[in-house]
Amino acid sequence: MRYENKIKEIDKLNKQIEQLRPINKALLKQVKEYFRIGLTYSSNALEGNTLTETETKVVLEDGLTIAGKPLKDHYEASGHSEAYDMVCELAQKKTITEEDILSIHRLFYYRVDRENSGHYRKVPVVITGTECVPPSPSKVPALMKKFVAKIPALKKKHHPVEVAALIHKELVDIHPFIDGNGRTARLLMNLSLLQAGYTITIIPPLLRVTYIDFIKESQTGKKYATGFINFMSTMVYVSTKDYYRLLKQLNQN
């Protein structure tokens, strides 16, 4: 399926959102919690986590465990929620550092694997379903430093939505961690979006196959990841519409 680039529509919608500002803190808190549940559920579900969105809400808001569900799934939900908070805090600045990336991964992953959380992998990894071979572990630290160093240049050259998509793509290509690369990439993408004044973006689990296909296509070098960028711009557009709907709805109450 083809996806059209939605950047113009996103920016038009953002201008409408600007008309609703200033937004009171209580309303913003409600919206933040709404996206916490949605992003935590969807990002984990994309990687095979079995918690439903309702179950994710129960785990995060009530601190309960869901009978019959793996403990690891609960750890991933709690960890992702903590990493989400860090992303929201880091959004107050305009830069992304290597330590930011390591900290995001550490928060997400420490309940699952304390030894490897926040540390680059020391072993080769295989990505199932793709011919792309991630770089050897010895190359990861230098590649990550190079990746972070070029983010400012990406921001000067590309629209913020494109920058966020390319940051996501680059991290997945390097695959710096033993696990949690996809979720870290999506959190990092959202950090980039928030820093540029855009909203949290969710990729619905129903689009998992399409999402993965676009990642694989981008790894072949075809069209400079155009398909992936267009797909992500559509995800940003849909999430921005959702954000606008929420703001209008809550403002009327």
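Observations
- Boolean, residue 199 is at negative phi and in contact with a Ser or Thr (Cβ under 6 Å, 6 or more places away or on another chain): yes
- When each of 50, 56, 40 is tested for being among the polar types (S, T, N, Q) and touching a Phe, Trp or Tyr at 6+ places or on another chain (Cβ under 6 Å), the lone residue that passes is 56.
Residues checked against (1) touching a helix residue (DSSP H, G or I) at 6+ places or on another chain (Cβ under 7 Å); (2) without any contact (Cβ under 8 Å) to a residue 24 or more places away in the chain:
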residue	(1), (2)
77	yes, no
96	yes, no
99	no, yes
103	yes, yes
109	yes, no
112	yes, no
120	yes, no
128	no, yes
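- All helices (runs of 4 or more DSSP H) inside segment 53-123 with 2 or more residues being at pLDDT 95 or above and small (Gly, Ala, Ser): 71-90
- Being of a type outside the set (D, E, K, R) and in contact (Cβ under 8 Å) with a residue 40 or more places away in the chain holds for only one residue in 56, 40, and it is 40.
- Conditions (1) surrounded by fewer than 12 Cβ atoms within 10 Å (Cβ to Cβ); (2) at pLDDT below 95; (3) not aromatic (Phe, Trp, Tyr): number failed by residue 127: (1)
- Filter result for residue 146 (surrounded by fewer than 18 Cβ atoms within 10 Å (Cβ to Cβ) and in contact with a helix residue (DSSP H, G or I) (Cβ under 9 Å, 6 or more places away or on another chain)): no
- Hey, residue 49 assigned to a loop (DSSP other than H, G, I, E, B), crowded, with 19+ Cβ neighbours inside 10 Å and in contact (Cβ under 8 Å) with a residue 60 or more places away in the chain or not: no
- Against the numbered list (1) free of Cβ contacts under 8 Å to residues at least 24 places away in the same chain; (2) touching a Gly at 6+ places or on another chain (Cβ under 6 Å), residue 89 comes up short only at (2).
- From the list 84, 41, the lone residue that is touching a helix residue (DSSP H, G or I) at 6+ places or on another chain (Cβ under 6 Å), among the aromatic types (Phe, Trp, Tyr) and more than 28 Å from residue 143 (Cα to Cα) is 41.
- Close Cβ contacts (under 6 Å, 6 or more residues apart or on different chains) running from residues in segment 150-170 that are more than 15 Å from residue 7 (Cα to Cα) to residues that are at pLDDT 95 or above and not in a helix (DSSP H, G or I) comprise 151/96.
- Answer from 233, 239 - the residue that is under 10 Å from residue 165 (Cα atoms), modelled with pLDDT of 95 or more, buried (at least 19 other Cβ atoms within 10 Å of the Cβ) and among the small types (Gly, Ala, Ser): 233
The values are calculated or read from the model by the stated rules, or taken from the named source; none is laboratory data. None of these values were measured; they are calculated from a predicted model. Cβ coordinates were reconstructed from backbone atoms using ideal geometry, including for glycine residues, and neighbour counts include every protein chain displayed.
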